[in-house]
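One structure is given below, encoded as structure tokens.
The values are calculated or read from the model by the stated rules, or taken from the named source; none is laboratory data. Note that this is a predicted model, so its numbers are computed, not measured. Note: ideal-geometry Cβ built from the backbone for every residue, glycine included; neighbour counts use all protein chains shown.
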Amino acid sequence: MVQLSKWRSFALPSDLKRFGILGINARNIGFLLGPDMRSLYPYVDNKVLTKKICSSCHIPVPETYAIIDRFGDISKSLRLLEKLDEFVIKPAHGAGGHGILVVVRKKDNKFETSKGEILSLPRIRYHISTILSGLYSLGSHPDAAIVEKRIAPHSVFTGIAVGGTPDIRLIVYKGVPVMGMLRLPTKASKGRANLHQGAVGVGINLKTGQTFGGVRHNRLSDIHPDTGANIQGIVIPQWSKMLTIAMKLSDAIGLQYIGVDIVLDSEEGPMALEVNARPGLSIQIANRAGLWPRLRTIDSQAECITRTAEKLKLTVGLVRGDTP
Amino acid sequence: MVNHHRAAIFAALLLMIAGAACVGLRVKCMHRPLLSQGGNVWRLTYDVEFHANNPGARLYIALPSDTAYANIVNEAFSHERLAVDILQNKETWDREAVAVVSDSSTPVKFTAQFDVKINTHAKQPAYSSKRPLGTPEKLRYLCNERFIQKDDPNVVRVLTSISDGRKTKAKLIESIFDYCSESLAQSQSDGPTDAATALQQGQCGALGRARAMAALCRAGRIPSRLVTGFILENSSQAKPFTWVEIYHKKEWIPYDPHNEFSLQVPANYLPIKHGGVRIVKNSEGSKCFFTYSIERLEKTPFMTVSSNIMFWNIFDLTRLPISMKKTLALILLLPIGALITAFFRNLIGIQTFGTFTPTLLALSLVNSDWKTGAIIFLLILGIGLLCRTTLNWLKLLAVPRLGIILTVVVLCLIVAVSVCEYLGFAPTARSILLPVVIMTMMIERFFITLEEDGGKEALRVLCGTVVVATCCFIVLHSARIGQVVLTFPEMQLFVAAAFVLIGRYSGYRLSELWRFRDIVKLQG
């Protein structure tokens, strides 16, 4: 059997089941389609609202410079941007990292982006207006643009994040973080931390905050494809603070199953970046573990647990003994 | 969660039981009146061979339409290298196929097949014979014609002899009918076929008799016209038959002086052409040969003849006129296309551009020439993408940009239609009318995927769309399924049940067995 499975280039449903892999259908039916979920979706789909919730719960977020939701406001905002050296423009309803423009420095009144493009002010204006007209929002609805502080990645990520800011994705179920992954941008992902665009995901030991495993394009991977650097064994600074942010945010939003994206700023520490209502499933490959058993454990225990310390204990308890 | 699951399975079961019950009930109801009512279905076939003398030569073929007794349940045409358009006469409601030859080097064939359901109970037809006639039409049905010579001395002489000077119109019609059916002897051969000669010689065939009657009526200032059609009876060499219609008291009333039917003709008289005798006409200089055959069909559940009294005939869509049925069948196929898409997306895990794109693409090709359609689809996609790439330089806002792509798609399609017509590829323009809005959105989404996620991803989704569209096409293209959904619209209940079941499927998608393949390596 072992021999056979080595040659096989696909998994059998029984393999996936044994590993406790959660499939898309099971995720959608079992965890996303809760009774009162729809009404809460705006809080995660709209980054302006997410930011508001974070501020009201004292969860740190990147500083907002401006929120533009009318075409008439663009000129006013551009005057503000001229004074800034680095900033990020993103759509409030964006998904998959689309429509995000990162300006890393300014040279003779031109803006240099993280992709190396040099943009003039009219180009920035155009980008904002495409965001407002709904190019990047789900269903092409009119959208708002957020201008915020650019995150300076922590030094621990030097050499393993190419062209963008890495972030930490935590899946939180019923208020308890159940799985975590460090997402590293690559050349292929054009600096974005989205796995389906080619970013690398690295599993994180929830107990220690140390990375292990890894996934790229759904294949097991232990190194960064661009630099060849080892992506295992990195201890993520301020790990417990990240877990606390995820738990607080999950409680504030009220959805039972979410993905929380946290960035680590070199000066200000962990900050909540966004919340995803339909977090991807490749995190299971990165962690070499399925989500099913962990979700079931929470289902059997979490109802009565409300205190953060107990939740943390539960989180730590999810980690298998053999995890590096 | 378990509750939802059970409820869904229960709902699906209920839908299926309801569907089975409806189908069963209908099949049962269908068969009974079928036997008791004696309604029947006939297949009329035209075989026309056309030797054109020059490109552009035309063929005019009169087609049967629905009448009070006849209902065209099915029709099929086959015509290679002929551009065919079907026109309907606004006054007589007659349908006529106009075929144009693009290449006159070899003879071309045109075949048409009609399944005609005959109801012995008359119903209100789409075309009412009780429409008032305007003065120009009235004059047309009173005028002198080449074979209906109302001003010929022979016609005038006979009319004077039978009219007695001051008869009422009704009496006059009666006398004319009596004279034509009784006083004119049956000639040995078919001739003479024109009114004047027939009345002069006092003998004629069926056509001459009909023309004589029409001429006498016109001479007596009663509008009249010839009706040509078929008497439905098994025959491999059927001959068109002509009878007369007389406009009296604002109504066209049929008379057959040959077989002596007045005021009404039997239900198996299938009228095809009003005001003429030739079913197939060809343009001057060309030659054409034609045969007609009529055959009575065995009954099948898909070709039902049901009573007109029972209210559930509302659900019997096969009784509707053929042109309406085609549209309805197309609409009824939409959910099945959506079901196929749901199957591919949720069970197999193939991504597509848009939920309904594959279905609509497939449907647009179902009733047309799919090969040409597919080539044009790819061409428009290519040109559209090229334009979209160019447009990217202009940095336009979303809606105007979409508008431009829509314009490009529309223009490409128009040019494609015109080119096809010029090269004599596609039979008609409508055969390649792709859904332009869907094409526009597809180009836009393809481009955005290309920009954001790379060419590999964009191609993957495009392939997914094409694969799903192809599967939709294969299923929807089969002639059988169109007929099944029309005969049994209740089938949609099964489709709904399948949607419920797919909607609750929480197992792995086939694509996930591939996606998570590396998991197998870990267990070693």
Completion exercise
Of (1) surrounded by 18 or more Cβ atoms within 10 Å (Cβ to Cβ); (2) more than 10 Å from chain A (Cβ to nearest Cβ), B:Gly455 satisfies every one except (1)
Exercise for the section: Select, from A:Leu32, A:Leu49, the only residue that is modelled with pLDDT of 90 or more, over 25 Å from A:Lys115 (Cβ atoms) and not basic (Lys, Arg). Expected result: A:Leu49
Completion exercise
A:Ser114 passes all but one of the listed conditions (1) more than 14 Å from every other protein chain (Cβ to nearest Cβ); (2) in contact with a Leu (Cβ under 8 Å, 6 or more places away or on another chain); (3) crowded, with 20+ Cβ neighbours inside 10 Å; the exception is number (2)
Exercise for the section: Can you tell me which residue among B:Cys22, B:Cys29 is at pLDDT 85 or above, more than 18 Å from the chain's Cα centre (by Cα) and either under 29 Å from B:Gln492 (Cβ atoms) or crowded, with 19+ Cβ neighbours inside 10 Å (or both)? Expected result: B:Cys22
Practice task
Scan region A:187-219 for residues that are more than 14 Å from A:Asn230 (Cα to Cα) and polar (S, T, N, Q) and jot them down.
Solution key: A:Ser189, A:Asn194, A:Gln197, A:Asn205, A:Thr208, A:Asn218
Practice task
Could you check, for region B:491-502, whether at least one of its residues is at pLDDT below 90 and either farther than 22 Å from B:Gly19 by Cβ or more than 14 Å from every other protein chain (Cβ to nearest Cβ) (or both)?
Solution key: yes
Problem - Boolean, A:Gly94 is buried (at least 16 other Cβ atoms within 10 Å of the Cβ), touching a residue at least 12 places away in the same chain (Cβ under 8 Å), in contact with a Pro (Cβ under 6 Å, 6 or more places away or on another chain) and under 29 Å from A:Met179 (Cβ atoms) - result: no
Practice task
Tell me which residues, restricted to region B:514-524, are out of contact with any helix residue (DSSP H, G or I) (no Cβ under 7 Å at 6 or more places or on another chain) and either more than 14 Å from every other protein chain (Cβ to nearest Cβ) or part of a loop (DSSP other than H, G, I, E, B) (or both).
Solution key: B:Arg517
Exercise for the section: Could you run through region B:398-412 and say how many residues are under 14 Å from B:Ile448 (Cα atoms) and not charged (D, E, K, R)? Expected result: 3
Fill in the blank from the handout: Only unsatisfied item for B:Ser478, checking (1) touching a Phe, Trp or Tyr at 6+ places or on another chain (Cβ under 6 Å); (2) away from chain A (no Cβ under 14 Å); (3) without any contact (Cβ under 8 Å) to a residue 24 or more places away in the chain, is (1)
Handout entry: Residue that is nearest to the other protein chains (Cβ to nearest Cβ) [pool: residues in region B:355-395 that are within 17 Å of B:Glu451 (Cβ to Cβ) and either in contact with a Pro (Cβ under 6 Å, 6 or more places away or on another chain) or among the polar types (S, T, N, Q) (or both)]
Key = B:Asn392
Exercise for the section: Take region B:477-488 and flag every residue that is crowded, with 18+ Cβ neighbours inside 10 Å and either outside any helix (DSSP H, G or I) or touching a Gly at 6+ places or on another chain (Cβ under 9 Å) (or both). Expected result: B:Phe488
Practice task
Determine if region B:400-420 includes at least one residue that is within 13 Å of chain A (Cβ to nearest Cβ), part of a helix (DSSP H, G or I), of a type in the set (A, V, I, L, M) and in contact with a Leu (Cβ under 7 Å, 6 or more places away or on another chain).
Solution key: no
Exercise for the section: Report, by residue number, each residue of region B:142-184 that is out of contact with any strand residue (DSSP E or B) (no Cβ under 7 Å at 6 or more places or on another chain), assigned to a loop (DSSP other than H, G, I, E, B) and closer than 15 Å to B:Gly202 by Cβ. Expected result: B:Asp152
Handout entry: strands (runs of 3 or more DSSP E) contained entirely in region B:43-100, each with at least 3 residues that are closer than 19 Å to B:Asp115 by Cβ
Key = B:58-63, B:70-79
Exercise for the section: For residues that are surrounded by fewer than 17 Cβ atoms within 10 Å (Cβ to Cβ), in a loop (DSSP other than H, G, I, E, B) and away from chain B (no Cβ under 14 Å), tally how many sit in region A:189-224. Expected result: 2
Practice task
Would you check if there is a residue in region B:504-513 being surrounded by fewer than 17 Cβ atoms within 10 Å (Cβ to Cβ), within 14 Å of another protein chain (Cβ to nearest Cβ), within 20 Å of B:Ile380 (Cα to Cα) and at pLDDT 85 or above?
Solution key: no
Problem - From A:Ser114, A:Ser75, A:Ser120, residue being modelled with pLDDT of 90 or more, polar (S, T, N, Q) and under 30 Å from B:Leu450 (Cβ atoms) - result: A:Ser120
Handout entry: Residue check, A:Gly269 under 23 Å from A:Ser221 (Cα atoms), assigned by TED's automatic domain parsing to the domain that holds A:Thr211 and surrounded by 15 or more Cβ atoms within 10 Å (Cβ to Cβ)
Key = no
Exercise for the section: Considering every residue within region A:36-54, establish whether at least one is buried (at least 17 other Cβ atoms within 10 Å of the Cβ), touching a Leu at 6+ places or on another chain (Cβ under 6 Å) and under 24 Å from A:Tyr173 (Cβ atoms). Expected result: yes
Problem - A:Leu81 being crowded, with 19+ Cβ neighbours inside 10 Å, over 25 Å from A:Val162 (Cβ atoms) and either out of contact with any strand residue (DSSP E or B) (no Cβ under 7 Å at 6 or more places or on another chain) or not assigned by TED's automatic domain parsing to the domain that holds A:Lys174 (or both) - result: yes
